[in-house]
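No value in this document is a laboratory result; all are computed from the given coordinates. Everything numeric in this text was worked out from a predicted model, so none of it was measured. So basically every Cβ, Gly included, is an ideal-geometry build from the backbone, and we count neighbours across all protein chains shown.
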Amino acid sequence: MSSNKPSIPKGTRDFGPTEMAKRNHIISTIKTQFELFGFSEIQTPSMEHLNVLTGKYGDEGDQLIFKVLNSGDYLKKVDQSQGNLDSKRLLPDISEKGLRYDLTVPFARFVVQNQNNITFPFRRFQIQPVWRADRPQKGRYREFYQCDADIIGTNSIINEVELTQLIHNVFHELNYENFILKVNHRDILFSIAKYVGLESKEIQFATIIDKLDKVPQEKVHNELVELGAEESKLTDYFELTSSNDYADVEVLLTRLNKLLPENKGIKDLTIFFDLLTQVIEKPKVELDFSLARGLSYYTGMIFEVKAKDVNIGSICGGGRYDNLTGVFGLSNISGVGISFGLDRIMDVLEEKNLFPNLLGNEIDVVIGHFDQESLNHGVMVLNSLRLSGIKVFLYPDVVKIKKQMTYANKIAARHTLIIGSEEIAKKRYTLKNMETGDQKEMTISEIISVLKPTQL
């Protein structure tokens, strides 16, 4: 095999016309719901300064940021006399920028920079790619799209309710109903850490708990004991972490309140579930006290959506962050947001065969011809149809008509229109439906009247 064979980096993908039609179907569905809920679109650069990105995702997240080498002689700032430098010491000298890891931190930076030009509460959505230097596997890519909606500048739990409704709407419109939305609260998680004897080790506790859906409970239990947790109190906690549907919420919160009286997280979740029944008749919501979410900037309610019938990671997630803008100089601004994972959602819809049959940018008409004169006449016909909003393609070369029809079949054209000397003389053309085989001789205006409704 030649070493010059073209390839793309692992964890990235090409998308042909069929794949792009499916991706655009998902994006269009999500975007429509974002706009319905009153969110306005923004975009931020692919690159950010490293000091904007680092320190927001935890140590593991920082390791997964793609760093961009300084332009020109990127080694010019390195003191070669120091010998072999480790990567942490070397990095500030050779890289000042990185590819964005998510859309939330750049959004926080955007809010601070534009605080005098936006009105709070500010509702924004953003659909752009992000990059993570992760190990590629099913449902985990190094380049992937996120579709984010955030509300910043308000503490109201109504926002969490709205985002929950938004999640339900999106998956309903995508014709995928077999999902579960898990919710928890960082205050509850951190208070449980203190309850089991791990005060000041809350982050380590959350990191270990986050493994519960991937490794046996016994292993998580042992890791927590090694960290210093009290076994008897861990037992109390694990009794609350098994899957519980929406109907069990009141019982669970009452039981948890006995362990953690006057906890803010319990109060927030109580309000949340009370309000939720007013907007969703049967919420696909599960209270999961083991849900941790890996990102360190979350401070309140956290969300995670799982596909119940496809073996894949979360397809949507998010939560509340109370002071993410504070690191950029704008304190006491609370926000909450969710992020749909376009690539994983596409994998789910693909596996469950849920994409609409007539999807994409199929050509309405391919114009074929018998000779150069017919080809030249076809330019006029092409223009007339295109001006009427009909998607049309004129075969550009004088070749056998069979080859032109084979082409029309391969690109899934809905109709063909053949031009010869007789058609030119009569100004009537045979329009053939490629699916049914029906064909009829018509004028251009009649053809337009038949095909134009497909554009509505």
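Give the residue list of trypsin sites (Lys or Arg not before Pro) in the range 284-365 that are DSSP loop and have at most 10 other beta-carbon atoms within 10 angstrom.
Passing sites in the range 284-365 are Lys308.
Rounded to the nearest 0.05, what FRET efficiency do Ser7 and Met442 have when you use their Cβ-Cβ distance and R0 = 45 Å?
Plugging the Cβ-Cβ distance into 1/(1 + (r/R0)^6) gives 0.35.
For each of Asp150, Asp438, count neighbouring Cβ atoms within 10 Å of the residue's Cβ, then give the residues from fewest to most.
The order, fewest Cβ neighbours first, is Asp438, Asp150.
How big is the antiparallel share of DSSP beta bridges in the range 301-456, given as a percent to the nearest 5?
Around 70 percent of the beta bridges assigned by DSSP in the range 301-456 are antiparallel ones.
What number comes out for the charge environment of Glu262, summing +1 per Lys or Arg and -1 per Asp or Glu over other residues with Cβ under 14 Å away?
Summing Lys/Arg as +1 and Asp/Glu as -1 gives +2.
Taking the DSSP beta bridges in the chain as the whole, what percent of them are antiparallel, to the nearest 5?
In the chain, approximately 80 percent of DSSP beta bridges are antiparallel ones.
Report the extension gain between Lys391 and Lys214 in nm, rounded to one decimal, defined as 0.36 nm multiplied by the number of residues separating them, less their alpha carbon distance.
58.9 nm
Hey, what did the range 263-382 get for relative contact order, percent, Cα under 8 Å, at least 6 apart?
Relative contact order for the range 263-382 comes out at 14 percent.
Enumerate lysine pairs in the range 279-420 that are 8 or more residues apart or on different chains, then count those whose Cα atoms are under 25 Å apart.
Eligible lysine pairs with Cα atoms under 25 Å apart amount to 14.
Could you check what % of the DSSP bridge pairs in the range 365-455 are antiparallel, to the nearest 5?
Once the DSSP bridges in the range 365-455 are tallied, antiparallel ones form about 50 percent.
What fraction of the Cα pairs in the range 365-455, stated in percent, has a spacing above 21 angstrom?
Value for the range 365-455: 21 percent of Cα pairs lie more than 21 Å apart.
Once you place label points 7 Å from the Cα toward the Cβ at Thr154 and Phe120, how far apart are they in nm?
Between Thr154 and Phe120, the label points sit 1.3 nm apart.
Taking GluC sites (Glu not before Pro) as candidate sites, keep only those in a DSSP loop with at most 16 other Cβ atoms within 10 Å, then name the longest stretch of the chain containing none of them.
Value returned for the longest uninterrupted segment is 1-176.
With no solvent and one equal point scatterer placed on each C-alpha of the range 220-288, evaluate the Debye formula and give log10 I(q)/I(0) for q = 0.16, 0.21, 0.22, 0.29 Å⁻¹, two decimals.
Here log10 of I(q) over I(0) equals -0.65, -0.94, -0.99, -1.30.
Show the residues, 5+ positions off or on another chain, whose built amide H is closer than 5 Å to the amide H of His185.
Ile302
Per 0.36 nm of contour for each residue apart, how much would the distance between Asp236 and Asn51 grow if the chain were fully extended, relative to their Cα-Cα spacing?
Between Asp236 and Asn51, full extension yields an extra 62.5 nm.
Please state the relative contact order of the chain as a whole percent: Cα pairs under 8 Å, 6+ residues apart?
After rounding, I find 15 percent.
Give a residue-ordered list of calculated ³J(HN,Hα) values for the range 184-194 (Karplus: 6.51 cos²θ - 1.76 cosθ + 1.60, θ = phi - 60°; whole Hz; x for Gly, Pro).
My calculation for the range 184-194 gives 8, 9, 4, 4, 5, 4, 6, 5, 5, 4, 5 Hz in order.
Nearest 0.05, what FRET efficiency do Arg23 and Lys282 give at R0 = 41 Å with Cβ-Cβ as r?
That gives a FRET efficiency of 0.85.
Less than 13 Å apart at the alpha-carbon level, and either on another chain or at least 8 residues along: which aspartates and glutamates does that give for Lys452?
The reachable aspartates and glutamates, counting only those whose Cα sits under 13 Å from Lys452, are Asp364.
Pop out the ³J(HN,Hα) list for the range 366-380 in order, Karplus 6.51 cos²θ - 1.76 cosθ + 1.60 with θ = phi - 60°, rounded to Hz; leave Gly and Pro as x.
Ordered by residue, 3J(HN,Hα) equals 9, 8, x, 7, 9, 7, 5, 4, 5, 4, 4, 5, x, 4, 5 Hz.
If you plug each phi of the range 330-338 into the Karplus form 6.51 cos²θ - 1.76 cosθ + 1.60 with θ = phi - 60°, what whole-Hz ³J(HN,Hα) values come out, in order, with x for Gly and Pro?
With the stated coefficients, the range 330-338 comes to 10, 8, 6, 10, 8, x, 8, x, 10 Hz.
With the cut-off at 40 Å, report for the chain the share of all Cα pairs above it, as a whole percent.
Tail of P(r) above 40 Å: 37 percent of Cα pairs.
To the nearest 0.05, what FRET efficiency results for Arg428 and Glu177 with a Förster distance of 60 Å applied to their C-beta separation?
So the FRET efficiency works out to roughly 0.75.
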